[in-house]
Number of protein chains: 2
Amino acid sequence: MSVPVSVILDRKGREVLTISGEQRLAEVISSLVEHRVGALVVTDAAGAVEGIVSERDVMRQLAESGADALRLPVSEVMTRDVTTCTLSTGATELAATMTEGRIRHLPVVDDGRLVGIVSIGDVVKSRIDELATQAESLERYVTGTAY
Amino acid sequence: MSVPVSVILDRKGREVLTISGEQRLAEVISSLVEHRVGALVVTDAAGAVEGIVSERDVMRQLAESGADALRLPVSEVMTRDVTTCTLSTGATELAATMTEGRIRHLPVVDDGRLVGIVSIGDVVKSRIDELATQAESLERYVTGTAY
């Protein structure tokens, strides 16, 4: 049994950092560093998901264009083909999707609306939390304080 | 029981991408993108570990110095206080260390020598592989082909 995305979001919060496609790559970098995250979701004026822009996308564009990359609009650098998940997706499926696609961030979409984002760090943290809970239950069982 | 680092390295290989502290940040970016990895180990002429430089370090320096960051030497940007692991560290401990430190790469050191590197992606992949093996054993047991 693996924890669903809804539980992961209950713990980490549902705030999603977004940026518009017209902003510059330099602004992506500032925002990623300020908020200590690895990706921003690119949304249009109505809030619909247009793409995702990650540290990896920034690096790729810098390797291609050098310093000029910093002035490019987000829309030219972002990944348009966004893999998403839902509130009911399980942590194990998340992990498999991230491993296969070599991606570290999945926006969470519910009924067409962006409701959160999960990172590979969140998946690992949820596994650690799960193991801690199991260890605690076992300890309570062994010490006889559970029942 | 969690898989030790030695098993993870048996699967992924023991090659570690390194760079010297005198090289420029632009060269870090090229190497990360070319090899599709998130961090390089910084070594001196004798091969001793001096630091680690990751996508996150590159982003931080770009946010601080803009385009000038690209010309800075690696030694000014790298993280000097490197958290490492050994061949016998278990995947669960790796995951906990990465979660607590918010780090995604741990160089593997054996007898003072750099023998590999494990990323958060490798930790997640090892968990997926472990689950697949368990599922297979269970299936063989249920279908009666195991014994």
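The values are calculated or read from the model by the stated rules, or taken from the named source; none is laboratory data. Because the structure is predicted, anything quoted here is derived from the model rather than measured. With ideal geometry, Cβ positions are generated from the backbone for all residues, glycine too; neighbour counts draw on all protein chains shown. For accessibility, only protein heavy atoms count, side chains too; no ligands or nucleic acids. Shrake-Rupley method; radii C 1.70, N 1.55, O 1.52, S 1.80 Å.
In segment B:1-15, what count of residues is obtained for those that are among the aliphatic types (A, V, I, L, M) and open to solvent by 40 Å² or more (accessible area, probe 1.4 Å)? Step through it out loud before you land on a result.
Looking only at segment B:1-15, we keep the residues that are among the aliphatic types (A, V, I, L, M), and these are B:1, B:3, B:5, B:7-9.
Narrowing the set further to residues that are open to solvent by 40 Å² or more (accessible area, probe 1.4 Å) leaves B:1, B:7.
Of the residues in segment B:1-15, 2 are among the aliphatic types (A, V, I, L, M) and open to solvent by 40 Å² or more (accessible area, probe 1.4 Å).
Looking at segment B:17-26, can you tell me whether even one residue there is part of a helix (DSSP H, G or I) and either more than 18 Å from B:P73 (Cα to Cα) or at pLDDT 95 or above (or both)? Lay out the reasoning, then the answer.
Looking only at segment B:17-26, we keep the residues that are part of a helix (DSSP H, G or I), and these are B:25-26.
Filter once more, keeping what is either more than 18 Å from B:P73 (Cα to Cα) or at pLDDT 95 or above (or both): B:25-26.
Checked segment B:17-26: at least one residue is part of a helix (DSSP H, G or I) and either more than 18 Å from B:P73 (Cα to Cα) or at pLDDT 95 or above (or both).
For B:T18, state whether it is touching an Asp or Glu at 6+ places or on another chain (Cβ under 9 Å), hydroxyl-bearing (S, T, Y) and open to solvent by 10 Å² or more (accessible area, probe 1.4 Å).
Details: touching an Asp or Glu at 6+ places or on another chain (Cβ under 9 Å): no; hydroxyl-bearing (S, T, Y): yes; open to solvent by 10 Å² or more (accessible area, probe 1.4 Å): yes.
No, not satisfied.
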Residues of segment B:44-59 satisfying the condition of being modelled with pLDDT of 95 or more and either under 19 Å from B:L87 (Cβ atoms) or open to solvent by less than 10 Å² (accessible area, probe 1.4 Å) (or both):
B:G51, B:I52, B:V53, B:E55, B:D57, B:V58, B:M59
Would it be correct to say that B:G112 is over 18 Å from A:G121 (Cα atoms) and modelled with pLDDT of 95 or more?
no
For the subset of segment B:69-90 comprising residues that are closer than 19 Å to B:G38 by Cα and of a type in the set (G, A, S), which member is most open to solvent (accessible area, probe 1.4 Å)?
B:S75
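Inside segment A:85-109, can you point out the residues that are among the polar types (S, T, N, Q) and closer than 12 Å to B:V124 by Cβ? Walk me through it before giving the result.
Keep residues of segment A:85-109 that are among the polar types (S, T, N, Q), which gives A:86, A:88-89, A:92, A:97, A:99.
If the condition is that a residue be among the polar types (S, T, N, Q) and closer than 12 Å to B:V124 by Cβ, then A:T92, A:T97, A:T99 are the ones that fit.
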Per the filter on segment A:21-31, residues of a type outside the set (S, T, N, Q) and open to solvent by 20 Å² or more (accessible area, probe 1.4 Å) are A:E22, A:R24, A:A26, A:E27
Out of (1) modelled with pLDDT under 95; (2) under 15 Å from the mean Cα position of the chain (by Cα), the one B:T97 does not meet is (1)
State the number of residues belonging to segment A:1-16 that are away from chain B (no Cβ under 12 Å) and in a loop (DSSP other than H, G, I, E, B).
5
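Checking the structure you have, find out if any residue of segment A:71-84 is more than 13 Å from A:L40 (Cα to Cα) and under 13 Å from the mean Cα position of the chain (by Cα).
Going residue by residue through segment A:71-84, those that are more than 13 Å from A:L40 (Cα to Cα) are A:71-73, A:76, A:81, A:83-84.
Subsequent filtering for residues that are under 13 Å from the mean Cα position of the chain (by Cα) retains A:83-84.
Scanning segment A:71-84 turns up at least one residue that is more than 13 Å from A:L40 (Cα to Cα) and under 13 Å from the mean Cα position of the chain (by Cα).
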B:E34 over 19 Å from B:V115 (Cβ atoms) and buried (at least 17 other Cβ atoms within 10 Å of the Cβ)
no
